[in-house]
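See structure below.
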């Protein structure tokens, strides 16, 4: 299935090039709806710039500490990279929201609730996988600048394929929860949005690692019935 009224923009989360592409695409396409790879909690966190401190993470319930710590480490690494290039993580999503407001477009949050994703990670990942990811993220805190992938190349298909494949080797279950399931989830939401009105133009802003999978699910419509959540309106 091809959706003629949908354009998907794949972005790197701390890239000036991605911010510019989001801005220019929305201004050019003038969509009725801007769909973003966010859930309600992450959307509010970006708007209000709220995040858990390390102290709050360590005070969480025993079963949640490890996963929250992984989330905190990932956020910390993104901020560290962002400082190096003068960009805060999530700026491309904020740009999408701001540009939507300027043209009077609706903002729709199409990602799965982060709490559900974290719960699924806890339930499906083996202890070994959790430790692999934790120590991989921990090592990333000390990575030297010269060892980082050039941010503007993260959206290149061959680079993306390599990164996704490496992640699947590191933790197959985490890759399924974080990538495959969310690809299907967002694709289902975009299909629903498109079917609400074929005359409405949609621009979807998702992480580059999700673009290929979302498009694949939409094209094949390989999504189980009954998996669509209520669509959340950011504005």
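FYI, it's all coordinate maths here, none of it is from the lab. This structure is a prediction, so every number in the text was calculated from the model and none was measured. Note that we place each Cβ from the backbone using ideal geometry, even for glycine, and neighbour counts take in every protein chain shown.
Determine the gain in length on full extension of the stretch residue 168-residue 128; use 0.36 nm per residue of separation and subtract their C-alpha separation, reporting nm with one decimal. Don't skip to the answer; put the middle values down first.
Details: separation 40, 0.36 × 40 = 14.40 nm, distance 1.38 nm.
Here the segment from residue 168 to residue 128 would lengthen by 13.0 nm.
Fewest first, what order do 113, 123, 39 take by the number of other Cβ atoms within 10 Å? Kindly include the intermediate steps, with their values, before the conclusion.
Working: 113 16, 123 9, 39 21.
The order, fewest Cβ neighbours first, is 123, 113, 39.
Would you list 103, 19 from fewest to most Cβ contacts within 10 Å? Don't skip to the end; give the middle numbers.
Working: 103 13, 19 19.
Lowest count first: 103, 19.
For a Förster distance of 25 Å, can you work out the FRET efficiency between the beta-carbons of residue 7 and residue 180, rounded to the nearest 0.05?
On the way: r = 23 Å, r/R0 = 0.91.
Step by step, r from the Cβ atoms, then E = 0.65.
By count of other Cβ within 10 Å, fewest leading, how are 194, 136 ordered? Don't jump to the answer; show the numbers that get you there.
On the way: 194 21, 136 15.
The most exposed by this proxy come first: 136, 194.
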